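*Asks:* This structure is in C-alpha cells; I'll ask about it shortly.
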Amino acid sequence: MQNPGGFVISLDFELHWGVRDHRSVDQYRENLLGVRLAVPAILELFERYGIHATWATVGFLFFANLEDLKAALPDELPAYREASLDPYAMLSEVGENEEEDPFHFAPTLIRKILACQGQEVATHTLSHFYTRAPGPTLESFRADLRSAKLAANRYGITIKSIVFPRNQISRHHLRICAQEGLIAYRGTEADPWIEKGNGIIGRAMRFADSYLELSGNGRATPRLDEQYPIVDVSGSRFLRPWNARLKMLEGLRLRRICASMDAAARKSKTFHLWWHPHNFGVHLAENIATLTRIAEHYSNLKRETGWSSLTMAEVAENVLRAEKPHCMA
C-alpha cells in the first residue's frame, strides 16, 4: 500500500489543565496568557502556507462558563489515588468564564481555529485524563470521552482523533476510542527506543535528539491497528520552544527537523511534528520565526515532490480507504 500520510502537525491545546499537577497559574502565567497571541499567530502562518493541523483540545476549554462545565460533567469521574492529578477537585478555584479566567476556558480561541481552513479540532480528553495513573476505571475513561465528544458537538464538531495526555496509551483505552467512533490517535515517537529512557539520562537523550540524529529521522508509515479500526499516526518530533540560552544551537535544531522532513517527503513517508500552544506563549516572535522556516521548507518539498499537509483524521481516512478493498477481498 502506498503511504497515505504526509506532513502532519498536531498541537496539544490544554492551557492550565495540562500542567496543573506541577505548575500553578502564577508559576506559568506568562506562557498561559501568551497562548492568546500564539494561537492566532500560528493560525495565520498555517493559512499562509496551506498547512493542515490537528488541535487536540481539552474538553473543559469548550465551555463558556463554569456553570455549563459543571452541568456537563461525566456520570462517572476518575478516582485518582494521587490527589494532585484530580482536576475535578480544583473546580472550586476556577473562575466563572473566559473573560474572568483565561487559563481554564477558551471558546473564543476554539472558534478562531474552526474559522481557519484545514484545521481539525480533536480531543485531548475532557479533563486531561491520565490513563496510566492508578485509580481511574476504563468506564470512567469512556464517560470522559463521551462528555468530550458532547462538548465538541456544541460547536458542530465530530471528534475523529485523540492525543492521549502525556502520551499515556494503552490497548484497553484504544479499544474504547475505536468503539466510540474515533479513527486516529498519535502514537509515540516513530523511533521509539529513545522514548523508553527514564530519569535524567532519558530526558537528556531526548533533549540531545532534538539537535543531533540519535534516534533516526522520525519518518513513519501510519498503520491501522491489528484489532481495532483506529490508525496510529505516530509522532515524529516534539518541537521544542525557542530558548535564549540555546540560541547558538538553533541552526542544529532546524537542520535536524528539515532533514527529517526531506527523508520523509522523498520516500513518501510521514513526518509528524507536535507541540503545545503554551510552548509559544513566551518568545512568540522567535518561535514563529522557527515555524516559518519549517513551513517554507514544507512548501518547497510540496512543490518538488507533491508531499502534502494532512490532519491526523485525513491521514486515518486515507489509511482506512486504502485498507477497505483488502478487507472486502
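*Asks:* Going by what's in this entry, would residue 189 be described as assigned to a helix (DSSP H, G or I), open to solvent by 10 Å² or more (accessible area, probe 1.4 Å), at pLDDT below 95 and in contact with an Asp or Glu (Cβ under 8 Å, 6 or more places away or on another chain)?
*Replies:* Against the criterion (assigned to a helix (DSSP H, G or I), open to solvent by 10 Å² or more (accessible area, probe 1.4 Å), at pLDDT below 95 and in contact with an Asp or Glu (Cβ under 8 Å, 6 or more places away or on another chain)), residue 189 does not qualify.
*Asks:* Right, another one. Could you tell me whether the stretch 66-89 includes any residue that is surrounded by 16 or more Cβ atoms within 10 Å (Cβ to Cβ), modelled with pLDDT of 95 or more and of a type in the set (D, E, K, R)?
*Replies:* Looking through the stretch 66-89, at least one residue is surrounded by 16 or more Cβ atoms within 10 Å (Cβ to Cβ), modelled with pLDDT of 95 or more and of a type in the set (D, E, K, R).
*Asks:* Also, quick follow-up: Taking the stretch 108-126 as the region of interest, how many residues are open to solvent by less than 60 Å² (accessible area, probe 1.4 Å) and under 20 Å from residue 62 (Cβ atoms)?
*Replies:* 12
*Asks:* Related question: Is there a residue being over 19 Å from the mean Cα position of the chain (by Cα) and free of Cβ contacts under 8 Å to residues at least 24 places away in the same chain anywhere in the stretch 78-86?
*Replies:* yes
*Asks:* OK, next. Quick check, is residue 153 closer than 23 Å to residue 312 by Cβ, of a type in the set (S, T, N, Q), open to solvent by 60 Å² or more (accessible area, probe 1.4 Å) and at pLDDT 60 or above?
*Replies:* yes
*Asks:* Out of all the residues in the stretch 37-45, is one or more touching a Pro at 6+ places or on another chain (Cβ under 9 Å), part of a loop (DSSP other than H, G, I, E, B) and modelled with pLDDT of 95 or more?
*Replies:* Kept after step one, since they are touching a Pro at 6+ places or on another chain (Cβ under 9 Å), are these residues of the stretch 37-45: 38-39, 42.
From what is left, the residues that are part of a loop (DSSP other than H, G, I, E, B) are none.
Taking every residue of the stretch 37-45 in turn, none turns out to be touching a Pro at 6+ places or on another chain (Cβ under 9 Å), part of a loop (DSSP other than H, G, I, E, B) and modelled with pLDDT of 95 or more.
Yes/no matrix, rows are residues, columns are (1) open to solvent by 40 Å² or more (accessible area, probe 1.4 Å); (2) within 30 Å of residue 33 (Cα to Cα); (3) not basic (Lys, Arg):
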{"position": "276", "(1), (2), (3)": "no, yes, yes"}
{"position": "281", "(1), (2), (3)": "no, yes, yes"}
{"position": "289", "(1), (2), (3)": "yes, yes, yes"}
{"position": "319", "(1), (2), (3)": "no, no, yes"}
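*Asks:* So, one more: Kindly evaluate residue 129 against the criterion of being in a loop (DSSP other than H, G, I, E, B) and either open to solvent by 70 Å² or more (accessible area, probe 1.4 Å) or not polar (S, T, N, Q) (or both).
*Replies:* Taking the combined requirement at face value, the residue satisfies it.
*Asks:* Among the residues in the stretch 276-299, are any under 22 Å from residue 240 (Cα atoms), of a type in the set (Phe, Trp, Tyr), assigned to a strand (DSSP E or B) and in contact (Cβ under 8 Å) with a residue 12 or more places away in the chain?
*Replies:* no
The values are calculated or read from the model by the stated rules, or taken from the named source; none is laboratory data. Treat the numbers as computed from the prediction; the structure is a model and nothing was measured. Glycine gets a Cβ as well: all are built from the backbone with ideal geometry, and neighbour counts include every protein chain shown. SASA here: full protein model, heavy atoms, side chains in, ligands and nucleic acids out. Shrake-Rupley method; radii C 1.70, N 1.55, O 1.52, S 1.80 Å.
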